[in-house]
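Beneath this line is the structure, given in structure tokens, with notes to follow.
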Amino acid sequence: QGQVVIVGAGHAGFTAAASLRRNGYAGAIALITAESCLPYQRPPLSKGYLDGLREDRLSFRPEHFYERKGIELLRAYRVEEIDRTAKAVVPASGESLRYDHLILATGSTPQAARLPGNDLDGVFRLHRRADADALRERLVTVSEVVIVGGGFIGLEFAAHARGRGKNVTIVEAADRLMARAVTPVMSEFFLREHVSAGSQVLLDTPVARLVGGDGSRVQGVELHDGSLVKADLVVVGVGVRANTGLAERAGLAVNDGVLVDRCLRTSDPDIFAIGDCASYPYRNRRTRHECVENAVGQAHAVASTLTSGESQPYRRTPVFWSDQADLKLQIVGDFSGSDRTEVIGDPAGRSFSVNCYRDGALIAVESVNRPSDHVAARKLVDRSGCSSPAQVEGS
Ligand code: FAD
């Protein structure tokens with residue numbers, strides 16, 4: 001069946017390798033990661049891992065799994081080029097690796113906020129295991145924490161830092177929290193929650209720069225109006241961008257992600273792209289969904305295509321979750337484009353759902369501490385017809 005090479009060993013790449021073997025793929029599989037540790041999952045980095053989750057619980061599988069499954073795991077191997085004529089991936093140094101099919105699962109990288117002072121000591125991102133390790137250690141010694149960006153990762157970290165008794169300020173340039181991903185009702189709810197937990201939340205507040213002391217250590221965050229928020233630790237979480245450099249250099253079609261068709265093929269039919277790095281057709285537009293379920297679902301689809309020989313379209317509705325203190329937010333679908341929302345349950349009681357409709361059809365459901373709504377929504381949002389609130393309540 002030939003050799004499948006997978007570049008990137010996050011949720012997408014790891015799942016592709018494991019499901020190829022589970023589906024009975026008999027050819028060679030090489031799983032490549034630029035990082036030196038065993039492949040691991042990222043979501044706990046802003047949640048349980050900060051609370052002390054053991055390292056081995058972060059890894060998808062122990063080392064012997066790869067040997068047992070005949071998956072060649074190449075660590076600390078950064079692919080620099082794809083030679084499409086020779087059908088090989090080329091590292092900076094060392095040997096090239098030939099492929100019959102190539103899967104790009106290169107993920108995403110935190111946006112470099114163009115903030116002066118980004119490189120000061122005490123300024124962190126939260127994307128790799130090494131980031132979380134450094135952050136966990138530094139958090140012990142600081143008291144004033146500023147989070148630049150009110151998205152999921154920043155808010156999860158804010159809840160953690162607040163729970164550890166730190167003074168927390170969240171600075172967000174937009175007029176609401178998690179604006180790209182949730183409805184205004186949900187933003188408002190999380191704003192109230194973070195404020196009542198003791199965090200200060202500044203909306204409509206662009207940051208001008210990060211300010212250092214005499215040494216190189218961060219001391220504060222200067223806002224656009226010139227005022228200063230004191231900080232001895234800053235976490236910058238202002239979104240990610242897809243890792244498309246490799247695909248671009250190889251001449252593949254790229255536009256805010258590696259462009260793929262419904263079966264996740266790039267403009268080269270022997271090369272697929274999955275997970276955070278892939279821009280795929282979803283509801284008459286192109287999108288990238290930066291979430292685990294999307295990475296896993298796309299990996300399964302490509303593994304089926306390669307084992308069955310029949311192209312499998314990817315059609316799953318995106319699903320996302322976020323844990324912030326004792327609040328579990330679960331989302332099915334994408335609220336953007338909705339023309340009507342309705343709230344079910346009781347936000348004051350911290351257990352409710354927001355149903356989002358377009359032209360009468362249910363297109364997304366956001367639930368807080370209501371897992372049964374979420375389970376029901378997973379089935380209902382996939383259907384194109386209108387669903388009644390009673391159906392969504394899952395009762
Ligand atoms: P990634 O996990 O980014 O993996 C890509 C890998 O490819 C990386 O290891 C990278 O080093 C490697 N790579 C890139 N280029 C090369 C190259 N040239 N050569 C070799 N290797 C290369 N999602 C949820 O659904 N729920 C959550 O609660 C949630 N929480 C999150 C919390 C944090 C802190 C983070 C960072 C993300 C979170 N996510 C969450 C998002 C989720 O983790 C991502 O959507 C998912 O990891 C995407 O998987 P991926 O395999 O596409 O990419």
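The values are calculated or read from the model by the stated rules, or taken from the named source; none is laboratory data. Keep in mind it's a predicted model, so treat the numbers as computed, not measured. Ideal geometry is used to build each Cβ from the backbone, glycine not excepted, and the neighbour counts take in all protein chains shown.
Under the condition of being free of Cβ contacts under 8 Å to residues at least 60 places away in the same chain and of a type in the set (Asp, Glu), which residue from region 123-138 is surrounded by the most Cβ atoms within 10 Å (Cβ to Cβ)? Full working, then the answer.
In the first step, residues of region 123-138 are kept if they are free of Cβ contacts under 8 Å to residues at least 60 places away in the same chain; the result is 130, 133-134, 137.
Narrowing the set further to residues that are of a type in the set (Asp, Glu) leaves 133, 137.
Working: Asp133: 13, Glu137: 9.
Per the criteria, the residue is Asp133.
Sort out for me the helices (runs of 4 or more DSSP H) sitting completely within region 279-395 that have 1 or more residues that are out of contact with any Pro (no Cβ under 7 Å at 6 or more places or on another chain) and modelled with pLDDT of 90 or more. Working first, answer last.
Numbers: elements: 292-308, 371-380, 389-392.
Ranges flagged: 292-308, 371-380.
Among the candidates Asp225, Asp214, Asp270, which residue alone is touching a residue at least 60 places away in the same chain (Cβ under 8 Å), surrounded by fewer than 14 Cβ atoms within 10 Å (Cβ to Cβ), of a type in the set (Asp, Glu) and more than 21 Å from Pro110 (Cα to Cα)? Even if it seems obvious, please write down each step before you answer.
On the way: Asp225 fails: touching a residue at least 60 places away in the same chain (Cβ under 8 Å); Asp214 fails: touching a residue at least 60 places away in the same chain (Cβ under 8 Å).
Result: Asp270 is the single residue among Asp225, Asp214, Asp270 that is touching a residue at least 60 places away in the same chain (Cβ under 8 Å), surrounded by fewer than 14 Cβ atoms within 10 Å (Cβ to Cβ), of a type in the set (Asp, Glu) and more than 21 Å from Pro110 (Cα to Cα).
Identify, from the list Thr307, Thr287, Thr244, the residue that is surrounded by 21 or more Cβ atoms within 10 Å (Cβ to Cβ) and of a type in the set (Ser, Thr, Tyr). Even if it seems obvious, please write down each step before you answer.
Details: Thr307 fails: surrounded by 21 or more Cβ atoms within 10 Å (Cβ to Cβ); Thr287 fails: surrounded by 21 or more Cβ atoms within 10 Å (Cβ to Cβ).
That would be Thr244, the only listed residue that is surrounded by 21 or more Cβ atoms within 10 Å (Cβ to Cβ) and of a type in the set (Ser, Thr, Tyr).
Determine the pairs where a residue that is under 13 Å from Val7 (Cα atoms), located within region 84-101, has a partner that is surrounded by 11 or more Cβ atoms within 10 Å (Cβ to Cβ) and hydroxyl-bearing (Ser, Thr, Tyr) with Cβ atoms under 7 Å apart, the partner being 6 or more residues away or on another chain.
Close Cβ pairs (under 7 Å, with a partner that is surrounded by 11 or more Cβ atoms within 10 Å (Cβ to Cβ) and hydroxyl-bearing (Ser, Thr, Tyr)) amount to Ala88/Ser96; Ala88/Tyr99; Val89/Ser96; Val89/Tyr99; Val90/Ser96; Pro91/Tyr77.
Can you list the strands (runs of 3 or more DSSP E) found entirely within region 52-168 that contain at least 1 residues being more than 30 Å from Arg209 (Cβ to Cβ) and in the same structural domain as Val7 (by TED's automatic domain parsing)?
Working: elements: 71-74, 79-83, 88-91, 101-104, 108-110, 144-148.
Fully inside region 52-168 and qualifying: 71-74, 79-83, 88-91, 101-104.
State which residue is farthest from the ligand (Cβ to nearest atom) when the search covers only region 256-267 and only residues that are under 16 Å from Gly107 (Cβ atoms) and modelled with pLDDT of 95 or more.
Restricting to residues being under 16 Å from Gly107 (Cβ atoms) and modelled with pLDDT of 95 or more, the top hit is Thr266.
Somewhere in region 100-121, is a residue within 16 Å of the ligand (Cβ to nearest atom), over 29 Å from Phe335 (Cα atoms) and crowded, with 16+ Cβ neighbours inside 10 Å? Spell out the reasoning first.
So the first thing to find is which residues in region 100-121 are within 16 Å of the ligand (Cβ to nearest atom), and the list is 102-113.
Next, only the ones that are over 29 Å from Phe335 (Cα atoms) stay: 102-103.
Subset that is crowded, with 16+ Cβ neighbours inside 10 Å: 102-103.
Yes; the residues of region 100-121 include at least one that is within 16 Å of the ligand (Cβ to nearest atom), over 29 Å from Phe335 (Cα atoms) and crowded, with 16+ Cβ neighbours inside 10 Å.
If Arg54 satisfies all but one of (1) at pLDDT 95 or above; (2) surrounded by fewer than 17 Cβ atoms within 10 Å (Cβ to Cβ), what's the number of the condition it fails?
(1) is the only condition that Arg54 fails.
On the given criteria, is Gly239 farther than 30 Å from Arg21 by Cβ and either within 11 Å of the ligand (Cβ to nearest atom) or of a type in the set (Gly, Ala, Ser) (or both)? Full working, then the answer.
Working: farther than 30 Å from Arg21 by Cβ: yes; either within 11 Å of the ligand (Cβ to nearest atom) or of a type in the set (Gly, Ala, Ser) (or both): yes.
So Gly239 fits the description; yes.
Filter region 32-51 down to the residues that are in contact (Cβ under 8 Å) with a residue 60 or more places away in the chain, near the ligand (Cβ under 10 Å from one of its atoms), of a type outside the set (Val, Ile, Thr) and not in a loop (DSSP other than H, G, I, E, B) and list them by number.
Here is the first cut: in region 32-51, the residues in contact (Cβ under 8 Å) with a residue 60 or more places away in the chain are 32, 35, 37, 40-43, 45-47, 49-51.
Remaining after also requiring near the ligand (Cβ under 10 Å from one of its atoms): 32, 35, 37, 40-43, 45-47, 49-50.
Among the residues that remain, those that are also of a type outside the set (Val, Ile, Thr) are: 35, 37, 40-43, 45-47, 49-50.
Answer for region 32-51, where residues must be in contact (Cβ under 8 Å) with a residue 60 or more places away in the chain, near the ligand (Cβ under 10 Å from one of its atoms), of a type outside the set (Val, Ile, Thr) and not in a loop (DSSP other than H, G, I, E, B): Tyr40, Pro43, Leu45, Ser46, Tyr49, Leu50.
Which number in (1) in a helix (DSSP H, G or I); (2) without any contact (Cβ under 8 Å) to a residue 12 or more places away in the chain marks the one condition that Gly13 misses?
Of the numbered conditions (1) in a helix (DSSP H, G or I); (2) without any contact (Cβ under 8 Å) to a residue 12 or more places away in the chain, the odd one out for Gly13 is (2).
Of all residues in region 11-31, which are surrounded by fewer than 24 Cβ atoms within 10 Å (Cβ to Cβ) and within 12 Å of the ligand (Cβ to nearest atom)?
Within region 11-31, Ala30 is the sole residue that qualifies.
Within the bounds of region 191-201, is there any residue that is surrounded by fewer than 18 Cβ atoms within 10 Å (Cβ to Cβ), more than 28 Å from the chain's Cα centre (by Cα) and either hydroxyl-bearing (Ser, Thr, Tyr) or outside the structural domain of Gly163 (by TED's automatic domain parsing) (or both)? Show your work before the answer.
From region 191-201, those surrounded by fewer than 18 Cβ atoms within 10 Å (Cβ to Cβ) are 192, 195-198, 200; that's our starting set.
Remaining after also requiring more than 28 Å from the chain's Cα centre (by Cα): none.
The answer is no, given that none of the residues of region 191-201 is surrounded by fewer than 18 Cβ atoms within 10 Å (Cβ to Cβ), more than 28 Å from the chain's Cα centre (by Cα) and either hydroxyl-bearing (Ser, Thr, Tyr) or outside the structural domain of Gly163 (by TED's automatic domain parsing) (or both).
Restricting attention to region 185-197, does a residue exist that is part of a loop (DSSP other than H, G, I, E, B) and within 18 Å of Arg350 (Cβ to Cβ)? Before you say what the answer is, go through the steps one by one.
Taking region 185-197 and keeping what is part of a loop (DSSP other than H, G, I, E, B), we get 197.
If we keep only those that are within 18 Å of Arg350 (Cβ to Cβ) as well, we get 197.
Yes; the residues of region 185-197 include at least one that is part of a loop (DSSP other than H, G, I, E, B) and within 18 Å of Arg350 (Cβ to Cβ).
Filter region 345-367 for residues that are surrounded by fewer than 23 Cβ atoms within 10 Å (Cβ to Cβ), within 23 Å of Arg180 (Cβ to Cβ) and in contact with a helix residue (DSSP H, G or I) (Cβ under 9 Å, 6 or more places away or on another chain) and give the result. It would help to see each step written out before you state the result.
Taking region 345-367 and keeping what is surrounded by fewer than 23 Cβ atoms within 10 Å (Cβ to Cβ), we get 345-352, 357-361, 363.
From what is left, the residues that are within 23 Å of Arg180 (Cβ to Cβ) are 347, 352, 357-359, 361, 363.
Listed by number, the residues that qualify are Pro347, Phe352.
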